[in-house]
1. If Lys and Arg each add +1 and Asp and Glu each add -1, what is the summed charge of the other residues whose beta carbon sits under 10 Å from the beta carbon of D:L126?
2. Put a point 7 Å out from Cα along the line to Cβ at B:R49; what are the distances to that point in the other copies, in nm, shortest first?
3. I want to check the label-to-label distance for B:S53 and D:K54. Put each point 7 Å from Cα in the C-beta direction and report it in nm to one decimal.
4. Which of the peptides C:342-355, C:267-280 is most tightly packed, and how do the rest follow, judged by the mean count of other Cβ atoms within 10 Å per residue?
5. Below 8 Å between Cα atoms, with a sequence gap of 6+, how large is the relative contact order for the range B:228-341 in percent?
6. Under the rule of at least 5 residues apart or a separate chain, name every residue whose amide H is placed under 5 Å from the amide H of A:A203.
7. What FRET efficiency would be calculated for the residue pair D:D179, C:A182, taking the C-beta separation as r and a Förster radius of 51 Å, to the nearest 0.05?
8. Residue by residue through C:18-26, how many Cβ atoms from other chains fall within 10 Å of the Cβ on average?
Amino acid sequence: MAAKAIETAGSLDQETLDALREGIAAVLAEQSSSTAVHAFIDGKNSLDRELWSQAASLGWLGFGIPEQYGGLGLGTHGPAILHTEIGRQAAPGPYISTLSAAQAIVETGTDATRNTWLPRIASGEISAAVPATPGATVLTRSGTGVSGTLRCLGARDAAFVLAPAGAAWVIVELGGADVNTMPMWDRTREVIDIRLQNAQPAAVLEDPEATSVALLRAMALATAADSCGAARSVTERTIAYMKTREQFGQPIAGFQALKHRAADLATKLTVMDEMVAHAIHRGAADEPDAEIWVWLAKAEATEAAVFVTTDCVQLHGGVGFTWDFDPHIFLKRARLNEVLVMPNTALRDRAAAMLAAITRTGRSALELEP
Amino acid sequence: MAAKAIETAGSLDQETLDALREGIAAVLAEQSSSTAVHAFIDGKNSLDRELWSQAASLGWLGFGIPEQYGGLGLGTHGPAILHTEIGRQAAPGPYISTLSAAQAIVETGTDATRNTWLPRIASGEISAAVPATPGATVLTRSGTGVSGTLRCLGARDAAFVLAPAGAAWVIVELGGADVNTMPMWDRTREVIDIRLQNAQPAAVLEDPEATSVALLRAMALATAADSCGAARSVTERTIAYMKTREQFGQPIAGFQALKHRAADLATKLTVMDEMVAHAIHRGAADEPDAEIWVWLAKAEATEAAVFVTTDCVQLHGGVGFTWDFDPHIFLKRARLNEVLVMPNTALRDRAAAMLAAITRTGRSALELEP
Amino acid sequence: MTILDAQHDLPAFRLAIRDWLAEVVPPDWRARMVRASNEEYVAFQRWWMAERSKVGLAIPHWPKEYGGAGLTLRHLVAIADEMARADAPQARIFTISLIHMPGTLFPHGTEEQKRRYLPGVAKGELWCQGFSEPNSGSDLASLRTRAVRDGDHYVINGQKIWSSSSMYADNCLLLTRTDPNAQKHRGITYFIMDMHAPGVEVRPIRQANGRSEFGELFLTDVRIPAENMIGAENNGWRVAQATLGSERGVIAFEGAERQRYEIEVFYRKSLETGAAWLRDTQLHREFVSFLAEMQAGRRLLRRVLEEHEKPNASASVLPSIIKLSVTVLRQRICSFMVRIAGVEGQEFAMLAEEPFGSPMFDFMSAFSGTIAGGTNEIQRNIVAERGLGMPRV
Amino acid sequence: MTILDAQHDLPAFRLAIRDWLAEVVPPDWRARMVRASNEEYVAFQRWWMAERSKVGLAIPHWPKEYGGAGLTLRHLVAIADEMARADAPQARIFTISLIHMPGTLFPHGTEEQKRRYLPGVAKGELWCQGFSEPNSGSDLASLRTRAVRDGDHYVINGQKIWSSSSMYADNCLLLTRTDPNAQKHRGITYFIMDMHAPGVEVRPIRQANGRSEFGELFLTDVRIPAENMIGAENNGWRVAQATLGSERGVIAFEGAERQRYEIEVFYRKSLETGAAWLRDTQLHREFVSFLAEMQAGRRLLRRVLEEHEKPNASASVLPSIIKLSVTVLRQRICSFMVRIAGVEGQEFAMLAEEPFGSPMFDFMSAFSGTIAGGTNEIQRNIVAERGLGMPRV
């Protein structure tokens, strides 16, 4: 099933994807403008909900979900494009958690489980929560019930959480569960603490390793893509500002030291985009080395985004340090992305181990073409 | 004895040291000019020997050696100044190996051993060799003889080598020994392979741990100081070149992007100098945390020097890549310094372990004043 | 005997300060400030200033003739060091009052101005600075706030920004343009402005770290009596150099010493709790590298203080080099703390009771080091041009 | 059937190349080159060119009308990839002959010039480029080498530098100044210069990596027939743009592919020998980060090749961005190799039989990437101004 979804993706041509991207970008540029996002983080609108229904009505939430479950079956390409554009506008909403949970269910859920949850996600009826760092904490299982507290990525009104419990992974509905929203520096995403007391799972995914890896991969790609969009966008906004900001009788964009820094940022952006593209490409082709590039894409792209957004605050000068300008919103978003999924040090260690394993079998992990 | 030498040093006032530095700098600027060094690395003069006798006649070689052994008893301050100035002119000669061996003998040799070797070093009659990375290889001891091959820092005509053999450290005279000079990228220092067959040690230093640490400390400070001098000098030469080199109708020193890089280099130079000064200062005061700063000074200063010299090649543009200009000489010197003594990763690990040990005792490792 | 009586015996002086701090500093002051409103914070700062005043440590660095204790640098360093060691509050909102105002009035104020304004500082009078404008940041001399003579007053109209604590200030060191036609450095005049005067409106600026330490000043027909002019008309740029050049070395020194104790407490706690990062060689290596650079910075700050004590100390660029080093190091340290704190470290908390307990707040705040007081970009220009003699083209 | 006959079946084409390489490339060629003199190296390069010529792979990328095979980009990529995979020699000294000369003559040469000069390349005629001068590097248009008309000849006097393989070259693409009074871009004329002509003196330039791949040209009253002018008099700058813009994408691509195989061999060997660096988490993390960036670079090089195949491909700054990324990555990788090689890695060795077997040589050589062909500083200007639209002031 996963394989089928992936083939579909593999066969998508660049033009289709570009058109998809432009469509999403156009909508988000208008709906999730700088003004709208500032108003949202100051609690003056409910941009997250508006965008969510918008996304639902436009089918964005079904990008990664096979047709027979109400999605568009775009494999990993579709969600990656969506996450990139969402990051570009620092758009609020539980996209990473919901689409990653969906991907894990697509790849490792039973048909019944898929039928139950995927259509409701694709339609935008529900959103999902997942552990902010899957595997860090495991729920306990006694009899049929699961208990414990999990720090999750997801909306306070998430319909269910996909989480490890004992030896398996479970789907637990959150209706009436004890859910606390954590106030975060990044106000464009929600992190919640879920406390479960002998809760009855709605579904059990029996292959924990497979589910865990599927979720980690989906989340890693999502945060990496989000970081690419965020980093590119804040750089564009910063350069635009530098062209209007005048000191010493000229736009500061004309100062060579700043131009060279901007050129280095542009180079970083191009490289990080390509790292993510490579990870998606290898994954779509179902190559054994794909995981190496997914882990590295997350580690490299999220750190690059922190570097870029940090420098953009600096390049703004005084106003970069104010709440009313954009850079800090992207910096905080980049900082959250950096620590999600798994520490980047651990991701690099995983990539190194897998590189060694593949190389020892005599195969190459460095092919580009399938 | 070491303590005494150190007290002398501790009491040296800055003026005396500055005067000392200026004296050495003046001599080396004239003797070890860019022209002279280029001629030397092209085999057209014997600058190393000329400088050595010069250094001997001026008492430089006795800086770290107590008066009663024919030295000036300047503790670690004197040699550090000498190594810095030697590095500044990329001067050739076995200074690091000889003065470090002397320091180890001062601190851990018997009075007899000191009497035998220190005066001959102070007078410049002999030079010494030491392992390029002490402890990496250990000579075998069978009966009274020692055997094995050691890669050493030192001149091909070194009078003796100070090396670990079995459980102890030994001094072995090299008259007639099998010594091979390794061709190095850095032609301003000599690295030799010494092959010993059942050689009879001239002296045995019975406290191997003490000798090993004394030698490592002396070598670490020496390479760090040398790197500081080399980095500062190549930066000064590079900025001087940038002031004369014109492109687009102006000196390239006027391009802001290059000015900001130069400012960052100047900052690095100031910081690395201070790291070394701190290490010397703590060592001179015989503080328990001194070693932390010695290991870190070597790791940080040698890596900073590689960064600075690399950027100076780049800042020169095309000519930086030629044999006839100075930057590559300093870059190669910095590269050798970087890998001497012990890998910088290992030095940082040692520093971290010692920091933890001291902190666990409830003491602070971060005091500046004695 | 009081603290100042002990000044001729430095160790005794230190001990006296230490005893006083042990007695006067509320052990729970940080915990209280974590939840404090800006008003509570300011009230606390004023209380702290009053306490210092009682023992003669409000303006210990001022000359006796102006009510100070005329202490030497050695003493000031000892005070700063003891304050840092005791984790005592900093008199942060009084920086302009304690440093820049006297740094300007001593050399350029009239006797009348000194008599009138200096004594207030020890009593907790709060000063702010009206220099930068929305369109005049790094290029300060391009400022446009107008001052027009009207009888024995000047009428001020314009806008100022980045004015620390201006929301609570009593007086302001104000730079205005009196001659719009003169070359830009030549038409500037320097005033003391009463912040309570009609036409002065202050709006707090919200910072990326969630706090509001700066204000934006909107000045509409504000009338300033001519006798509040510092220096001559159109000679304000020269006077401003005194303000900008005011000796902040001791503050920077105290900041570095505080960071030293912070990082030491953090590390000790990591050891005690067996923090995970200690088991990661790479992170441990990064950490010790920070310490090496931190020690270098502390030594450099001492050196620059000594240099400034020398009579005709040349204006070296060492302060700029130190700023480049310590502010970026601070940023790297805070960034490291953020990384090892993981998702928990992303939980919103402005201040924290323990060092680096709110790593993101510290990280976001670190930008004030790299941006405020002359951006690091401006510092690089200074180092390259004045320090390295690279041409300005 | 020959390799070119297989061109309509790409996999078969690849296999044909692979078989040919297996047969023709001397397994010990690297070992031999390690100890080779410059002359031996050049002789070897000429031999290699001859071998490629035999199977029609000397100038496969040229249009058929000029004696090439008119292969598509797909084929050129396949050739480059197979060459890299087989670790076949590169035709490095022929770069100007294969790329820049045709890149200039195709658009700007006269039929007579094309007829006369193009066929020589497949026969191993060697070209060099006389563009840069000691005082005209990044600012090429300021060049001063004079060309003065004298009957049906031009008389050349001046000096050129950074001329690759000029010591062995037969012809030179020469930029001269014919009108010293015109605005600097307007007084330049482009010639083909016979390197064997009287008055041409070449001195090899010794590089920091120990080799001498470039020459310095001293031109004294060199006479060039007027028919050797490319383009019109004083129109040389426009012609030079064609030379500088010659498609080097495939070369860069092949370089990146070679590095991929190098690093793979290095890593496999590290695993087999249980190299110490593999046990250091930090170093291992550094290494995999390099791989991620290397893969990105390889993808980007493919992308830029595809872009250039499109008919009216816009002149994007992607090549500059790629240069900034891959040359600095190369430098970082080589620096990493130097660090892990320890003292042994500091032993002088110019070339080595195995990848990174002479890390210092590779590290020193990496500067040719960051400096030659437009320094990375110039690339940053290009990216900022043309790519990001930041003003030139």
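Since every read-out is calculated from the coordinates, none of them should be taken as a lab result. Treat the numbers as computed from the prediction; the structure is a model and nothing was measured. Here the Cβ is made from the backbone with ideal geometry for all residues, glycine too, and neighbour counts use every protein chain on show.
1. Residues close to D:L126 contribute a combined charge of -1.
2. Distances between equivalent label points, in nm: 9.2.
3. A separation of 6.1 nm, rounded to one decimal place.
4. Numbers: C:342-355: 17.4, C:267-280: 14.1.
With the highest mean Cβ count within 10 Å placed first, the list reads C:342-355, C:267-280.
5. Across the range B:228-341, relative contact order equals 30 percent.
6. Those lying under 5 Å, H to H, from A:A203 are A:I171.
7. On the way: r = 46 Å, r/R0 = 0.91.
After rounding, the FRET efficiency stands at 0.65.
8. 0
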